[in-house]
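The values are calculated or read from the model by the stated rules, or taken from the named source; none is laboratory data. For clarity, every value in this text was computed on a predicted model and none was experimentally measured. Neighbour counts are summed over all protein chains in view; Cβ atoms, including those assigned to glycine, are modelled from backbone coordinates with ideal geometry. Note: areas computed on protein heavy atoms with side chains; ligands, DNA, RNA excluded. Shrake-Rupley method; radii C 1.70, N 1.55, O 1.52, S 1.80 Å.
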Amino acid sequence: MRVLILPDAAAAADRVAGLIAARLRADPAVVLGLATGGTMEAVYARLIAAHRAGQASFAQATSFNLDEYVGLAPDHACSYWRYMREHLFSQVDMRAEAAHLPRGDAPDPEAEADRYEAAIAAAGDIGLQLLGLGANGHIGFNEPTSSLSSLTRIKTLTRSTRDANARFFDRAEDVPRLAITMGIGTILRAREVLLLAYGAGKADAAAAMIEGALSAACPASALQLHRKVTVVLDEAAAAKLTLRDYFDCVHPGGRDAEI
Ligand code: F6R
């Protein structure tokens, strides 16, 4: 696991957006795995700026988002479809037919989850998977105790996740109880993973993910099994790492190692 610690949230988002833009230039037809949530807003704003500056094109890329709330149609104000349209797709050259999210309003959500998993596999799996981190250690909506080899399926959201996401809804009780999410096994098939977390609220989860035991109690710890993971943190999210000296020695200031 490559752990890059940047001085603040803005520098961390710069770093992640820079890595994605570089990947789009090197591999324009990359299959991207995308995330939503507050953390990613800064990343997508930077990717839009890079696109406008001619430094990133999505024209040949394909994308699959991690998750969607069960019951929300793509045009619902709080759906992740809507989030992606507003924060990225409508402002870059992504082809509409190449951008995929699960249909939250599918009549049979379990069948929709199976269809989505099959579509990811048919696309050759994810090339670069972008992840945020839940304060409880979730990735996607794989809540604690999720199977570490799970595939796309329906998950019940924890109270803490619904509380954390209530800020996006008019009323806390409007946050759906269920989501369709890529599984941890789906995520682990990605060729490369890039996780971004910032703020003190993520410090416990970041330490458990990087230095804790491999355990379904912290779903993000499953990334310890992956061969190519980059974790980008700000100082606040890195505050509970005990191996901090080592990470600073290998990647001083979050820079790449000089070999
Ligand atoms: C979003 C997702 C979640 C979020 C996580 C962090 O598609 O799958 O795992 O990345 O809940 O959310 P924020 O960034 O709002 O703290």
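Of Ala200, Ala121, Ala236, the residue with the greatest mean-square motion in the GNM of the chain, using alpha carbon springs below 10 Å, is Ala121.
At 1.4 Å probe size, with the rest of the protein present, what percent of the exposed accessible area of region 1-55 is carbon and sulfur atoms? Carbon with sulfur: 54 percent of the solvent-accessible area. The aspartates and glutamates whose alpha-carbon is closer than 20 Å to the alpha-carbon of Lys240, local same-chain residues fewer than 8 away aside, are Asp8, Asp204, Glu211, Asp248.
Highest average first, the peptides 127-139, 202-214, 145-157 ordered by how many other beta carbon atoms sit within 10 Å of their residues are 127-139, 202-214, 145-157. Tell me, how many Å apart are the Cα centres for region 75-93 and for region 1-70? With region 75-93 and region 1-70 each reduced to a Cα centre, they are spaced 15 Å. Helices meeting the span-like rule in the chain (full DSSP H runs, Cα extent of at least 15 Å along the helix axis, mean Kyte-Doolittle score of -0.5 or higher): 9-26, 38-52, 109-122.
The order of the peptides 26-32, 96-102 by mean Cβ neighbours within 10 Å, most packed first, is 96-102, 26-32. Coordinate range of the alpha-carbon atoms in the chain per principal axis, descending: 52, 42, 35 Å. Full extension of the chain between Asp245 and Ala122 gives 40.0 nm of extra length, using 0.36 nm per residue less the Cα-Cα distance.
Which residues does a label at Ala26 reach in region 221-259, if reach means a backbone N under 14 Å from a point 7 Å past the Cα toward the Cβ? It comes to 228-230, 256-257, nothing else.
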